[in-house]
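Read-outs: derived from the displayed coordinates by stated rules, not from any lab. Just so we're clear, the structure is a prediction, and the values are computed from it rather than from any experiment. Reconstructed Cβ throughout: ideal geometry from the backbone, glycine too, with neighbour counts over all protein chains shown.
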Amino acid sequence: MDNEVWDFYTGYEGEGEIQFIQILDSGNRNIIRIWDGYFDDIMDKIEPEASGWTGLAYCYNLVVGWYDESPWKIPNTIKALQQIKQTEKAEFRFQESKRVTEEICNLLSNAIDNDNVVYIARE
């Protein structure tokens, strides 16, 4: 059962969709549905580290993780949150990308605080 769903996909039906899915202790889920244009906009703002791509940016740029297996469990939610937070002050192509970033950060923070698992799914 879904607890809360944040929808940033309606209006883009037929195009790619990414979902962040937080599994709550009750078994319910919090879901963020994202048009992949917003997701690409956000991921494009993450810079590689000195050692190269890491975390979500590694999977995104090398087309692995949720591209190979969906849903895909985020192995390091703290690292994912740090990377998405990097983009909070970025100039995005789409105005809505900022709000999507905020909601992803909220979901990841909540998952960390409650020791919940988060998945990414491609629909």
Open item on the list: From the helices alone, meaning DSSP H stretches of at least four residues, give me the mean residue ellipticity at 222 nm for the chain, per-run term -39500 (n - 2.57), in deg cm²/dmol to the nearest 500.
Closed with: -11000 deg cm²/dmol
Task: For the chain, built as a Gaussian network whose Cα springs stay under 10 Å, the top-fluctuating residue of Q22, Q95, Q82 - done: Q95
TODO: For V64 paired with N106, estimate the spin-label separation in nm (one decimal), with each label point 7 Å from Cα along the Cα-to-Cβ line.
DONE: 3.3
Open item on the list: Full-extension gain between E15 and K89, please, as 0.36 nm times their residue separation minus the C-alpha to C-alpha distance.
Closed with: 24.0 nm
Open item on the list: What's the magnitude of the charge dipole for the chain around its Cα centre, counting Lys and Arg as +1 and Asp and Glu as -1 at the beta-carbon? Answer in Debye, nearest 20.
Closed with: 280
Task: Charge-dipole axis of the stretch 2-122 as Lys and Arg at +1 and Asp and Glu at -1 on Cβ define it, positive-most pick from S51, G11, I120 - done: S51
Task: Cβ-derived FRET efficiency at R0 35 Å, E4 paired with K79, nearest 0.05 - done: 0.90
Open item on the list: Please state the shape class of the chain: rounded when a/c is under 1.5, otherwise prolate if a/b exceeds b/c and oblate if not, all from the C-alpha gyration tensor.
Closed with: rounded
- [ ] Pick out which of G27, G37, G55 has the largest mean-square fluctuation in a Gaussian network model of the chain, springs linking Cα atoms closer than 10 Å.
- [x] G27
Open item on the list: With both bridge residues required to lie in the stretch 2-122, what share of the DSSP beta bridges run antiparallel, to the nearest 5%?
Closed with: 75
Open item on the list: Which aspartates and glutamates, if any, have their Cα less than 19 Å from the Cα of K89, not counting same-chain residues under 8 positions apart?
Closed with: D40, D41, D44, E47, E49, E102, E103
TODO: Show which lysines lie in cross-link reach of K85 when reach means a straight Cα distance below 19 angstrom and same-chain residues fewer than eight apart are skipped.
DONE: K45, K98
TODO: Apply the Karplus parameterisation 6.51 cos²θ - 1.76 cosθ + 1.60, with θ equal to phi minus 60°, to every residue of the stretch 40-46 and state each ³J(HN,Hα) to the nearest whole Hz, in sequence, with x for glycine and proline.
DONE: 4, 4, 5, 5, 5, 8, 7
